Amino acid sequence: MSGSTLYDDDILLWSEQQAAAIRKLGATRRDLPNELDIENVAEEIESVGRSELAAVKSYLRLIFLHLMKLAMEDDARAARHWRSEIAGFHSDMLDRYAPSMRQRIEVDEIWRSVRERLMFYVDEAQQQRVAGLSVGCPFSLDDFITKRIDISVLLERLPLPHATR
């Protein structure tokens, strides 16, 4: 039998359940000390889970950004570094990912956001290449919550006009 708990397995769900329990306790128990700030304690506990969710989304943004860079310039001097960064971001994302996050992560929204931001940071010639990226995310969350990420396979799903691979 595993010694893991909901706290270990799904911090987002745990934080929401604990916050709800604290709020219920505050609403039903009159013998609690007045100085116990139930609402703010519950909010702080919920913020633990929200923070982990934000971290997972941030790692996905970084993975998408580096995939886009690779798709545009796979032969760039920095390509090996970008691949290494993707692997690191993926590992860090998996450390923080919890099953209850699945329905709260909109990969299309994250993809579009990264794609739009990238347009501001590249020169005019590269803007046309970024525009060649699909507007909708060509990946699903399942592509990133696997133990091992295959960057080459992901890149094959990002066809760009005149891209070198």
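Just so it is clear, none of the values below were taken in a lab; they were calculated from the coordinates. For clarity, every value in this text was computed on a predicted model and none was experimentally measured. So basically every Cβ, Gly included, is an ideal-geometry build from the backbone, and we count neighbours across all protein chains shown.
Can you give me the distance in nm between label points at Leu25 and Glu43, each placed 7 Å from the Cα along the Cα-to-Cβ direction?
For the pair Leu25/Glu43, the computed spacing is 1.9 nm.
Using a cut-off of 15 Å between beta-carbons, work out the net charge of the residues near Leu12 (Lys and Arg +1, Asp and Glu -1, Leu12 not included). Walk me through the numbers on the way to the answer.
Values: positive: Arg50, Lys57, Arg96, Arg102, Arg104; negative: Asp8, Asp9, Asp10, Glu16, Glu43, Glu44, Glu46, Glu52, Asp95.
In short, -4.
Order 8-17, 129-138 from most to least packed using the mean count of other Cβ atoms within 10 Å. Present the calculation step by step, with values, prior to reporting the outcome.
Values: 8-17: 18.1, 129-138: 16.0.
My ranking of the peptides, most packed first, is 8-17, 129-138.
Bin width 5 Å, alpha-carbon pairs only: give the P(r) of segment 108-148 as whole percents, running from 0 to the bin holding the largest distance.
For segment 108-148, the binned pair fractions read 5, 23, 25, 19, 14, 10, 4, 0 percent.
Have a look at Phe144, Phe64, Phe120 and tell me which one the Gaussian network model of the chain (Cα, springs below 10 Å) gives the largest fluctuation.
The residue that fluctuates most here is Phe120.
Which semi-axis lengths, in whole Å and largest first, follow from the square roots of five times the eigenvalues of the Cα gyration tensor of segment 76-130?
Sorted largest first and rounded, they come to 26, 18, 6 Å.
When a footprinting reagent is the concern and you count Cβ atoms within 10 Å, what order do Met68, Met101, Met119 take, fewest first? Don't skip to the end; give the middle numbers.
Numbers: Met68 23, Met101 20, Met119 12.
Taking fewest neighbouring Cβ atoms as first place, the list is Met119, Met101, Met68.
Please identify the GluC sites (Glu not before Pro) of segment 28-107 that satisfy two criteria: DSSP loop assignment and at most 14 other Cβ atoms within 10 Å. Which are they?
Working: sites: Glu35, Glu39, Glu43, Glu44, Glu46, Glu52, Glu73, Glu85, Glu106; in loops: Glu35, Glu73, Glu106.
Those satisfying the criteria are Glu35, Glu106.
Cross-link candidates for Lys69: which lysines have Cα within less than 24 Å, leaving aside residues fewer than 8 places away along the same chain?
Lys57, Lys147
Return the Rg/Rh ratio of segment 6-156 with Cα-based radii and a Kirkwood Rh.
Working: Rg = 20.0 Å, Rh = 17.6 Å.
Rounded to two decimals, Rg over Rh is 1.14.
Can you check what the net charge comes to around Ser51, using other residues whose Cβ is under 15 Å from the Cβ of Ser51 (Lys, Arg +1; Asp, Glu -1)?
On the way: positive: Arg50, Lys57, Arg96, Arg104; negative: Asp10, Glu16, Glu43, Glu44, Glu46, Glu52, Asp92, Asp95.
Net charge around Ser51: -4.
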